[in-house]
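Okay, structure first, notes after.
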Amino acid sequence: MYNSKITGLGYYVPDNIVTNDDLSKIMDTNDEWIQERTGIKERRWIKEGSDDTSAVMGAKASRIAIERAGLTAEDIDFIVFATLSPDYYFPGCGVQIQDMLGLRTVGAVDIRNQCSGFVYAMSVADQFIKTGMYKNILVIGSEYHSGGLDKTTRGRSVSVIFGDGAGAAVLSRTEDNSKGILSSHLHSEGKHAEELTVIAPSIRHWVPEILKENDENDESYFPYMNGTFVFKHAVVRFSQAINEGLQANNLKVSDIDMLIPHQANLRIAQFIQKKFNLSDDQLFNNIQKYGNTTAASVIIALTEAWEKGKIKENDLVVLAAFGSGFTWGSVIMRW
Ligand code: UT7
């Protein structure tokens, strides 16, 4: 049996910085509210006219990750792409990556697990490597939120939170079983599906029906979030996911060298930090700069933490996420 290990990391965010003050010019909000409730100072939103999409940003991040892994397109055996904002309703973004990067006709799968998307994607890729089926898998998280947000006061409780961006990891086979992904833990609770969702378009709310209604008050095609409800579940599920991973490996909280929590809200991350008594060096946040980039958030944060030299050989790295579905999970890695 093999283990899988990250051999390359990369991220890409659009150049266009949107500050809280910028938002206060288009909706009734302010820097103080946003920073106090979420910790966010600014986010990146793709500028109108840009060629960036979820797939394009994913490809940009992937090129960096593949190069840093010391590999070429030829070496990639499989693609796992996590996003809730795909370029097309179908097909998924994974197949676009195969084309954009000129990969062999390798398999590609999209993961639809929102904020937990990257944790799920890593777990899926890990299984293919552990069984010996593939050697090098490209794992991508990418989101283009800004095109689909309600940027009026009506949508302010959701739209100020989300940002655009992408990250990618190359997961490679290793024969050293003490290194790489030690375990992953995935969960879902579908009864809360409509607490954080986009209702339309979907098979039940198809486009012609929406156009026929032509109702400017129709909010069903904007993300809806029951923020307080989601927040309460997030703090509980984050803790459970981390504890479950540690217990499965006979590890303690004090063994964690770096926790990368999904960047949903700085207050959630701070709650977790306090609860687990983690020092500032034991966890990494960058929501201040990028907002919540959903499936991209964990991989962008992991890449930045690594680039800043905060992750070293042999470190115990924990990825944890919670989000729409609800879904949540963790990945425990020995670097
Ligand atoms: O990533 C997936 C998982 N997501 C999460 O984990 C997010 C979890 N939830 C949250 O992070 C928080 O619930 C939010 C940041 C979304 C909202 O914070 P909150 O402290 O729960 O605020 P709230 O929704 O209870 O709203 C408080 C007040 C309301 O006004 P009233 O009714 O008290 O007069 C809102 O209308 O703040 C108002 N408000 C705003 N004011 C200024 C809501 N959005 C804004 C805004 N600017 N952008």
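FYI, it's all coordinate maths here, none of it is from the lab. As the structure is a prediction and not an experimental result, all values here were calculated from the model. Positions of Cβ are backbone-derived with ideal geometry, glycine not excepted, and every protein chain shown enters the neighbour counts.
Quick notes on this one:
- Fewest-first ranking of GLU32, GLU313, using other Cβ atoms within 10 Å as the exposure measure: GLU313, GLU32
- C-alpha center-to-center spacing [the stretch 221-246, the stretch 68-100] in angstrom: 28
- Database remark: amide H of GLY107 closer than 5 angstrom to the amide H of ILE79 (H placed geometrically; neighbours at sequence offset of 5 or more, or on other chains; Pro and chain starts carry no H).
- Look at THR152, THR83, THR303 and count the other Cβ atoms within 10 Å of each Cβ; fewest to most, that gives THR152, THR303, THR83.
- The alpha-carbon positions of the stretch 181-334 define a convex hull whose volume is 129 Å³ per residue.
- Rg [Å, one decimal], Dmax [Å, integer] - the stretch 1-40, C-alpha atoms: 18.2, 56
- Dipole magnitude of the chain, debye to nearest 20 (Cβ charges: Lys/Arg +1, Asp/Glu -1, about Cα centre): 880
- With q set to 0.11, 0.14, 0.21, 0.22 Å⁻¹, the log10 of I(q)/I(0) for the stretch 190-258, from the Debye formula over equal scatterers at the Cα positions, is -0.49, -0.63, -0.91, -0.95.
- Charge dipole of the stretch 172-242 (Cα centre as origin; +1 on each Lys and Arg Cβ, -1 on each Asp and Glu Cβ, all else neutral): 500 debye, rounded to the nearest 20.
- Note: relative contact order over the stretch 181-334, using C-alpha pairs below 8 Å and six or more positions apart, is 38 percent.
- Under-5 Å amide H pairs with HIS145, H placed in peptide plane, nonlocal only: ASP164, GLY165
- Normalising the average separation of contacting C-alpha pairs (under 8 angstrom, six or more residues apart) by the number of residues puts the relative contact order of the stretch 1-95 at 34 percent.
- Applying the criteria of a DSSP loop state and at most 13 other Cβ atoms within 10 Å to the trypsin sites (Lys or Arg not before Pro) of the stretch 220-318 yields LYS252, LYS308, LYS312.
- With only the Cα atoms considered, the chain has a convex hull volume of 132 Å³ per residue.
- Ranked by how many other Cβ atoms sit within 10 Å of their own Cβ, fewest first, the residues ASP87, ASP255, ASP52, ASP176 fall in the order ASP176, ASP255, ASP87, ASP52.
- Integer Hz, Karplus 6.51/-1.76/1.60 couplings in order for the stretch 277-286, x for Gly and Pro: 6, 8, 6, 4, 7, 8, 9, 10, 10, 9
- Summarised as an ellipsoid, the stretch 3-177 has semi-axes of 33, 16, 14 Å, derived from the eigenvalues of the Cα gyration tensor scaled by 5 and square-rooted, with the largest first.
- Percent RCO, i.e. relative contact order, over the chain, from Cα pairs under 8 Å lying at least 6 residues apart: 26
- Largest GNM mean-square fluctuation among TYR120, TYR89, TYR144, using the chain with Cα springs under 10 Å: TYR89.
- Theoretical ellipticity at 222 nm over the chain - DSSP helices of four or more residues, -39500 (n - 2.57) apiece, nearest 500: -9500 deg cm²/dmol
- Considering only the stretch 3-177, percent of DSSP beta bridges that pair antiparallel, nearest 5: 65
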